[in-house]
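Note sheet for the following structure.
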Amino acid sequence: MKSFYSIVRFINNSLTNENLAVGMVVISGKDVFYKFSVEKVSLVKKINPLNVSLLEYTLDKIKSFIDDEILSNKPLFSDLTFNVEYLERLSIYNNGFLKFDKPSGINMSFDKEKFDNFFKRYIELNIEIPPKPIIDRTFTNAVNKAFIVPLKDKIDINYKMKKGVIPNLFFDYRLDGIGMNGVIYTVKSIDLNAEPPIDKLNTQVTDLESLNHRIDLFGRGELSIQPEENKHYLVVDKYQGKKASYRNLYEMLKSQSPSDYSYSVIGTNELAKVTEDIKKTGAKKFSEVLSEIQ
């Protein structure tokens, strides 16, 4: 069976004929289907808010017209020409921002399901919204529980070492914690399983080495603390994903000899012991020591 359809368009710019298909009317034998896209109408509200009220009013009138003039006369639709004439009447309608296309024929018959599928394919926006990624906060929660919360207000937590705050520090760097009492303690955590950009992770690791070295020099020069006495920790849990770059970084960090680097690599399961050690020393905030010196 041959059916006929007319697309309803919103004319955003009559000079350039810039338009957006917002609805459709289909006549298939004695059946009449029509629909307007809620998503497209919402889009029109954003691109042409001045005509929103008039658009909604007009669409309501069009729905009433189709219901009253076409659906009520379905028994008359035995003549193919008569069907097309109704759509031709609609195509004459044009108020400057809403118009119907001239009817087009298509060799298929429609029922409600076929019309809905046809409408979805050609009129709806069909923008697939990707599911929100599930954020695994296991690592963050473990660091908070074992380190951040117990040492809050005792040492500097989530502390930003600003460039220039100690000699020869030419970059900013954020530590999970830093404190001191006879020795300097620093803790930095990196969540490999969150898969932040690998280049960023590599930079964080190399900058941490540089930062610890400068902290050690500062401690020796200003506080008479020998570098080997300081305790620097990098907290990293085993990478559980499938990306080789993150797995290689984890394996490289775990294979390091503590004597060759300025920090010890530990997991979150070892962090509570570090926290207890810091508590026992009665460590205070590194920022307070800086203010006393400066």
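Assorted remarks:
- Complete set of residues in the stretch 153-191 that are touching a residue at least 12 places away in the same chain (Cβ under 8 Å) and basic (Lys, Arg): 154, 160, 174, 188
- The listed residues are 190, 215, and the only one of them that is out of contact with any Ser or Thr (no Cβ under 9 Å at 6 or more places or on another chain), crowded, with 20+ Cβ neighbours inside 10 Å and of a type in the set (Val, Ile, Thr) turns out to be 190.
- Residue match in the stretch 239-248 (condition: hydroxyl-bearing (Ser, Thr, Tyr) and within 19 Å of residue 274 (Cβ to Cβ)): no
- If the condition is being among the basic types (Lys, Arg) and touching a helix residue (DSSP H, G or I) at 6+ places or on another chain (Cβ under 8 Å), then the stretch 1-43 contributes 2, 30, 35.
- Search result, residues across the stretch 112-129 that are in a loop (DSSP other than H, G, I, E, B) and either without any contact (Cβ under 8 Å) to a residue 60 or more places away in the chain or farther than 23 Å from residue 89 by Cα (or both): 124, 125, 126, 127, 128, 129
- Taking the stretch 240-278 as the range and being part of a helix (DSSP H, G or I), within 23 Å of residue 141 (Cα to Cα) and of a type in the set (Gly, Ala, Ser) as the test, only 272 passes.
- Test: residue in the stretch 279-289 that is of a type outside the set (A, V, I, L, M), more than 22 Å from residue 221 (Cβ to Cβ) and surrounded by 12 or more Cβ atoms within 10 Å (Cβ to Cβ): yes
- Residue ID - modelled with the highest pLDDT, chosen from residues in the stretch 16-32 that are farther than 17 Å from residue 91 by Cβ and part of a strand (DSSP E or B): 20
- Residues of the stretch 176-235 that are closer than 21 Å to residue 272 by Cα, in a helix (DSSP H, G or I) and of a type in the set (S, T, N, Q): 193 alone.
- Scanning the stretch 230-242 for residues being out of contact with any helix residue (DSSP H, G or I) (no Cβ under 7 Å at 6 or more places or on another chain) and modelled with pLDDT of 95 or more gives a total of 1.
- Residues that are touching a strand residue (DSSP E or B) at 6+ places or on another chain (Cβ under 6 Å), assigned to a helix (DSSP H, G or I) and within 17 Å of residue 91 (Cβ to Cβ), drawn from the stretch 33-64: 58, 59
- Looking only at the stretch 109-153, and only at residues there that are surrounded by 12 or more Cβ atoms within 10 Å (Cβ to Cβ) and acidic (Asp, Glu), the one that is farthest from the chain's Cα centre (by Cα): 116
- Evaluated against (1) out of contact with any Lys or Arg (no Cβ under 6 Å at 6 or more places or on another chain); (2) crowded, with 20+ Cβ neighbours inside 10 Å, residue 241 falls short on exactly one condition, (2).
The values are calculated or read from the model by the stated rules, or taken from the named source; none is laboratory data. What you see is a predicted model; the values in this text were computed from it and never measured. Because the Cβ atoms are built from the backbone with ideal geometry, glycine has one as well, and the counts that use them run over all protein chains shown.
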